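The values are calculated or read from the model by the stated rules, or taken from the named source; none is laboratory data. These numbers come from a predicted model, not from an experiment. Every residue, glycine among them, receives a Cβ derived from its backbone with ideal geometry; neighbour counts consider all protein chains shown.
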Amino acid sequence: MQQIERLRTLIRDVPDFPKAGIVFKDFTPLIRDPAALALGVELMANPYRGKGIDLVIGAESRGFIFGIALAQSLSCGFVPIRKPGKLPWKHKSISYELEYGHDSLEIHLDAIEPGQRVLLVDDLLATGGTMKACCQLVSEMQASIAGITVLIELVQLQGRGVLKDYGQVHSVLRY
């Protein structure tokens, strides 16, 4: 528990970012600290050790920060899910609704083989919309979702409930 509190002290609240009324959880002080970064990655990875993870999949862009480190920690590959127009090869897309509009995500068609066990990762779980779209995209590629891991979960926004059909959701820091 002391480790969790150490990480919590390195999360900075930024009021009114990216718009008025939102308190942004800024983890950049945490990733600047080598020991805290290592601990955060370890705590995100630990529930999935020995679970036969083939790939870690991270959503653009902050999911990349933890995704590569988790893939290395779990001795598996990494696959990015990108915003439209960023992938150079044939890709699959999904569109999804946001509270203020819609967005899309893309993945290379050859990024995942059917039946591979994947772990999805992002920095933060809020409403769950982006992560649900990632899960749908991965499921359409016939992968097996072993779980979802995030550094920060904003519990009051109930994103975990949106993801209930996609396996275990693990968060290190809950607010």
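Against the condition on the phi < 0 side of the Ramachandran plot and either touching a residue at least 12 places away in the same chain (Cβ under 8 Å) or part of a helix (DSSP H, G or I) (or both), how does PRO47 come out, does it pass?
yes
Give the range 60-96 a look and list any residue that's farther than 21 Å from PHE24 by Cβ, of a type in the set (Val, Ile, Thr) and either touching a helix residue (DSSP H, G or I) at 6+ places or on another chain (Cβ under 7 Å) or surrounded by fewer than 19 Cβ atoms within 10 Å (Cβ to Cβ) (or both), or say none.
ILE68, ILE81, ILE94
Regarding the range 144-152, can at least one residue be identified that is part of a helix (DSSP H, G or I) and either more than 14 Å from the chain's Cα centre (by Cα) or closer than 21 Å to LEU98 by Cβ (or both)?
Within the range 144-152 (the criterion being part of a helix (DSSP H, G or I) and either more than 14 Å from the chain's Cα centre (by Cα) or closer than 21 Å to LEU98 by Cβ (or both)), the answer is no, since none of the residues qualifies.
Can you list residue pairs whose Cβ atoms sit under 6 Å apart, with the first residue in the range 132-152 being closer than 26 Å to LEU173 by Cβ and the second being among the small types (Gly, Ala, Ser)? Count only pairs 6 or more apart in sequence or on different chains.
From residues that are closer than 26 Å to LEU173 by Cβ, the pairs are CYS134/ALA59; ILE145/GLY167; GLY147/GLY167; VAL150/SER171; LEU151/GLY40.
Among the residues of the range 4-46, count how many are closer than 23 Å to SER75 by Cβ and out of contact with any Lys or Arg (no Cβ under 8 Å at 6 or more places or on another chain).
Qualifying residue count, the range 4-46: 12.
Scan the range 93-114 and tell me whether some residue there is small (Gly, Ala, Ser) and under 15 Å from the mean Cα position of the chain (by Cα).
No, every residue in the range 93-114 fails to be small (Gly, Ala, Ser) and under 15 Å from the mean Cα position of the chain (by Cα).
Can you tell which of ILE81, ILE112, ILE65 is modelled with pLDDT of 95 or more, under 24 Å from VAL23 (Cβ atoms) and among the β-branched types (Val, Ile, Thr)? So that I can check it myself, show each step before the final result.
Working: ILE81 fails: under 24 Å from VAL23 (Cβ atoms); ILE112 fails: under 24 Å from VAL23 (Cβ atoms).
ILE65 is the lone residue from the list that is modelled with pLDDT of 95 or more, under 24 Å from VAL23 (Cβ atoms) and among the β-branched types (Val, Ile, Thr).
State all residues of the range 70-116 that are polar (S, T, N, Q), without any contact (Cβ under 8 Å) to a residue 12 or more places away in the chain and part of a loop (DSSP other than H, G, I, E, B); if no residue qualifies, say none.
SER75
Looking at PRO34, PRO29, which is the one that is surrounded by 12 or more Cβ atoms within 10 Å (Cβ to Cβ), out of contact with any Cys (no Cβ under 8 Å at 6 or more places or on another chain) and not β-branched (Val, Ile, Thr)?
Numbers: PRO34 fails: surrounded by 12 or more Cβ atoms within 10 Å (Cβ to Cβ).
On inspection, the qualifying residue turns out to be PRO29.
What is the number of the single condition among (1) closer than 17 Å to THR149 by Cα; (2) in contact (Cβ under 8 Å) with a residue 40 or more places away in the chain; (3) outside any strand (DSSP E or B); (4) of a type outside the set (A, V, I, L, M) that GLY58 does not meet?
Going through the list (1) closer than 17 Å to THR149 by Cα; (2) in contact (Cβ under 8 Å) with a residue 40 or more places away in the chain; (3) outside any strand (DSSP E or B); (4) of a type outside the set (A, V, I, L, M), GLY58 breaks only (3).
Look through ILE53, ILE57, ILE22 and report the one residue that is of a type in the set (A, V, I, L, M, F, W, C), within 18 Å of LEU125 (Cβ to Cβ) and surrounded by 19 or more Cβ atoms within 10 Å (Cβ to Cβ).
When all the criteria are applied, what remains is ILE57.
Of the numbered conditions (1) in contact with a Phe, Trp or Tyr (Cβ under 8 Å, 6 or more places away or on another chain); (2) farther than 27 Å from PHE24 by Cβ; (3) buried (at least 20 other Cβ atoms within 10 Å of the Cβ), HIS108 fails exactly one; give the number of that condition.
Evaluating HIS108 over (1) in contact with a Phe, Trp or Tyr (Cβ under 8 Å, 6 or more places away or on another chain); (2) farther than 27 Å from PHE24 by Cβ; (3) buried (at least 20 other Cβ atoms within 10 Å of the Cβ) leaves (3) as the failure.
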